[in-house]
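The values are calculated or read from the model by the stated rules, or taken from the named source; none is laboratory data. Please read all numbers here as calculations on a predicted model, not as lab measurements. Note: ideal-geometry Cβ built from the backbone for every residue, glycine included; neighbour counts use all protein chains shown. Ligands, DNA and RNA are excluded from the accessible area calculation, which covers all protein heavy atoms including side chains. Shrake-Rupley method; radii C 1.70, N 1.55, O 1.52, S 1.80 Å.
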Amino acid sequence: MSQNVSDTFANQLREMRTELLGQLRGQRGGRIGRAEAAADAREASSDDWARAETERDLAFGLEERESAELVAIDEALKRIADGSYGLCIDCGVAIATARLHANPTALRCVACQEKAEQA
């Protein structure tokens, strides 16, 4: 992969990372931790405990998914740095640029991803 293409994806991944960190901070109520944010949410809606629990579970689920996305972004940035970005981790073939534009954290080419999903 050319340096210009790698730089383009690196910039895209850094922007995604910045946005994701902002979302995570927002979910946590700024600087407070998860436990404090959950306690605040519970207090704010103590009249509807079931709804508060559902909202808390949803927030934790979203945070978990976004944390996994953050790890995937960081791993993609490491692959750019070591020169392995854009190569399928299963077969070693170059991942289509269109696929990387759609999913810059992609680890596999389309064929190998389909096989992995069937397994």
Revision key, fill the gap. Per the filter on segment 95-119, residues open to solvent by less than 70 Å² (accessible area, probe 1.4 Å), over 16 Å from ASP7 (Cβ atoms) and either out of contact with any helix residue (DSSP H, G or I) (no Cβ under 9 Å at 6 or more places or on another chain) or touching a residue at least 12 places away in the same chain (Cβ under 8 Å) (or both) are ILE95, ALA96, ASN103, THR105, LEU107, ARG108, CYS109, ALA111, CYS112, ALA116
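Residues are listed down the side, and each one gets a yes or a no for (1) of a type outside the set (Ser, Thr, Tyr); (2) closer than 30 Å to PHE9 by Cα; (3) at pLDDT 95 or above:
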{"site": "GLU43", "(1), (2), (3)": "yes, no, no"}
{"site": "TRP49", "(1), (2), (3)": "yes, no, no"}
{"site": "GLU53", "(1), (2), (3)": "yes, no, no"}
{"site": "ASP57", "(1), (2), (3)": "yes, no, no"}
{"site": "LEU62", "(1), (2), (3)": "yes, yes, no"}
{"site": "SER67", "(1), (2), (3)": "no, yes, no"}
{"site": "GLY83", "(1), (2), (3)": "yes, yes, no"}
{"site": "ASP90", "(1), (2), (3)": "yes, yes, yes"}
{"site": "VAL93", "(1), (2), (3)": "yes, yes, yes"}
